[in-house]
Amino acid sequence: MQKVSSGPTQTHLTNKKRLVLEVEFVKLPIFSADSDALEDSWQRVDETRLDPEVRHRLIANGIRAGIVLDVHQFRQDLQGLSAEEDVLDTFLNQASIASSATQGEQRIPMRYGRRYELPVCNPGEGEQVTLLQLEDETIGRTLTGAQYLLAMTGRETSIAEQIQLRVRPEVQYGESKPKFVTSDTALRIDSRREAWSIEPLEMELTLQEGETITIAPTLPLKGLAKQMLSNAGPDQQTQQTIILIHVAQVPTAIDQL
């Protein structure tokens with residue numbers, strides 16, 4: 001299994017005009033139902049800063065999210081839960097065999113108001129049913145080549161070093177189709193797949209520079225999270241995906257001049 005890093009590598013952020021997010025994917029084994037070790041780590045996460053209705057809908061679909069209050073200790077908790085990587089795991093990961101493409105760390109420069117797509121698992125093969133639980137209704141769609149992702153948009157606020165971050169689960173599927181996209185300077189053709197944008201599960205959080213949010217599946221795995229936030233590891237055992245999104249840089253009004 002993947003070892004948990006001590007955090008995103010500190011780099012010199014040269015372009016102060018960009019909002020910068022640092023994303024880390026942590027893969028952990030699925031524990032037995034009577035294990036409460038992972039539950040204890042959630043004492044270091046504030047889930048109440050999410051809208052209560054959204055939080056309820058997320059949990060109904062097997063997803064938990066919140067602001068990490070003590071990032072250092074939270075990482076230590078995850079490290080303690082992570083199994084030691086054996087020689088076979090290391091070889092398979094280095095050879096990109098049987099491991100998820102969405103692992104490790106990513107640094108994402110963003111423009112305010114621009115949408116960024118963050119894949120959270122590899123595209124599926126063939127048809128599979130995606131289930132969504134809304135209130136007392138279960139919605140199911142049979143999708144081909146489903147690709148689960150988080151659509152993220154950052155917006156500035158009136159307070160320095162603070163952003164409004166919107167994170168919406170989405171499923172892209174089917175064959176790519178050409179579409180005409182217009183901009184201020186040109187008309188171009190963009191090939192895109194069909195998308196199921198899950199608006200009822202959209203998270204909107206006010207974040208300060210330096211804060212970190214986490215998104216993870218509930219245990220036992222269920223609902224949307226079972227497909228979106230889990231995969232088969234190099235040893236073909238099911239593992240869960242915990243996502244950490246760190247606000248590394250928020251441009252000030254002066255920076256944007």
Just one listed residue, out of Val54, Val20, is surrounded by 14 or more Cβ atoms within 10 Å (Cβ to Cβ), of a type in the set (A, V, I, L, M), at pLDDT 90 or above and within 20 Å of Ala225 (Cβ to Cβ), and it is Val54
Residue pairs within 8 Å by beta carbon, gap of at least six or interchain, first lying in region 119-140 and exposed (fewer than 11 other Cβ atoms within 10 Å of the Cβ), second assigned to a loop (DSSP other than H, G, I, E, B), listed first then second, are Glu125/Gly145; Gly126/Gly145
Of (1) surrounded by 19 or more Cβ atoms within 10 Å (Cβ to Cβ); (2) closer than 27 Å to Val250 by Cα; (3) modelled with pLDDT of 90 or more, Asp70 fails just (1)
Residues in region 108-142 that are closer than 20 Å to Ala225 by Cβ, aliphatic (A, V, I, L, M) and within 16 Å of the chain's Cα centre (by Cα) total 2
Has region 83-98 got any residue that is of a type in the set (A, V, I, L, M), surrounded by 13 or more Cβ atoms within 10 Å (Cβ to Cβ), in contact with a strand residue (DSSP E or B) (Cβ under 7 Å, 6 or more places away or on another chain) and modelled with pLDDT of 60 or more? no
Condition set over 11 Å from Leu81 (Cβ atoms) and modelled with pLDDT under 80, scope region 28-51, selection surrounded by the fewest Cβ atoms within 10 Å (Cβ to Cβ): answer is Asp34
Exception for Met110 within (1) out of contact with any Gly (no Cβ under 6 Å at 6 or more places or on another chain); (2) at pLDDT 95 or above; (3) among the aliphatic types (A, V, I, L, M) falls at (1)
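The values are calculated or read from the model by the stated rules, or taken from the named source; none is laboratory data. Predicted, not measured: the structure shown is a model, and the values here were computed from it. Positions of Cβ are generated from backbone atoms using ideal geometry, with glycine treated the same way; all protein chains shown enter the neighbour counts.
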